[in-house]
Structure formats: structure tokens, C-alpha cells
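First up is the structure itself, then whatever we jot down about it.
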Amino acid sequence: MFSDRAVIRDNISLYDGAQGLMLNYANNADVAGNLVRGAGKCAFIYNAHKNLIYDNRFEGCAIGIHFTAGSERNVLTGNAFIANREQVKYVGTRHVEWSHEQRGNYWSDHPAFDLNGDGLADTPFPPTT
């Protein structure tokens, strides 16, 4: 909370109540390698900007990731969103980068094809709004 350039890596959050991971007024954070399972919100991003969120596993939550309060210019890449009731929720946030250097995220409920065999889905996942 109220931090700049925090490093949040290799944590495990299992069945916590409201949220497993929260960025509240946090900017320029490096969030990687975390496992969050079974919370109300796997990740809650509140008025947090320019964060790099990558290589995390968000699984079995009511909401995979929730952006609110104008959280902008966050980059998410290489994350796995698995079996969340609602993968993404936005409230007052629109500018989120869902890939970096041609690497996106895994979505368990996205029935994608890879017809050319390049390891990338041929259609992007449309995050819910």
C-alpha cells in the first residue's frame, strides 16, 4: 500500500478471504511468480499504475483480477488465469496491456486454436468488461 517499485515475488496465497494479492496505490511494482488460489479476488488492483504483473497463477477465485479506481498502464504477461468464475473485472479502468513482446496470458476458458503451430492462440482472449 502506498508504495513505489515494490518487488512481490514467489508468494503463495491459498483460500484467503477477500483477495490473495492487492496493489493499493502501488506504482511501478514487479509482481512475478506468485500463486493465488481460492480467494474472492485473486488479484485486486486499486489505483495502481505502471505495474508489471507476470508469470503468476491466479486460480479458482470468484474474480481472477479486478481493476478499479482508474488503475492504468499496467502490463500483464505470462500469467495463467485458471477456473475463475469471472476472469477479469474492470471498474473505471480501461488501459491495460495484456501482452508484452508478443507474449500474452493463458485463459482456461478461452477455446483457442493454434492452426499455424506457433504456440500462440490465433484469436485474442476478450477480457470481460
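Where a number appears in this text, it was derived from the coordinates with a stated rule and is not lab data. Model, not experiment: these values are computed from the prediction. Note that we place each Cβ from the backbone using ideal geometry, even for glycine, and neighbour counts take in every protein chain shown.
Here are the numbers:
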item	result
Segment 3-107 - charge dipole about Cα centre, Lys and Arg +1 at Cβ, Asp and Glu -1, debye rounded to 20	160 debye
Förster radius 30 Å - calculated FRET efficiency between Ala18 and Tyr106, Cβ distance, rounded to 0.05	0.75
Inverse mean reciprocal Cα-Cα distance (Kirkwood Rh) of segment 3-107, Å	13.1 Å
Cβ-based net charge around Cys61, under 15 Å, with every Lys or Arg adding one and every Asp or Glu removing one	+1
Order of Arg9, Arg57 under a 10 Å beta carbon neighbour criterion, fewest first	Arg9, Arg57
Semi-axis lengths (Å, descending) of the ellipsoid that matches the C-alpha gyration tensor of segment 10-71	18, 13, 8
Cβ-based net charge around Ala112, under 14 Å, with every Lys or Arg adding one and every Asp or Glu removing one	-4
Most mobile listed residue (Gly117, Gly60, Gly92) in the chain, GNM with C-alpha springs under 10 Å	Gly117
Net +/- balance of residues flanking Ala26 in space, Cβ distance below 11 Å, scoring K and R +1, D and E -1	0
Extension gain (nm, one decimal) between Tyr90 and Asp4, 0.36 nm per residue minus Cα-Cα	28.7 nm
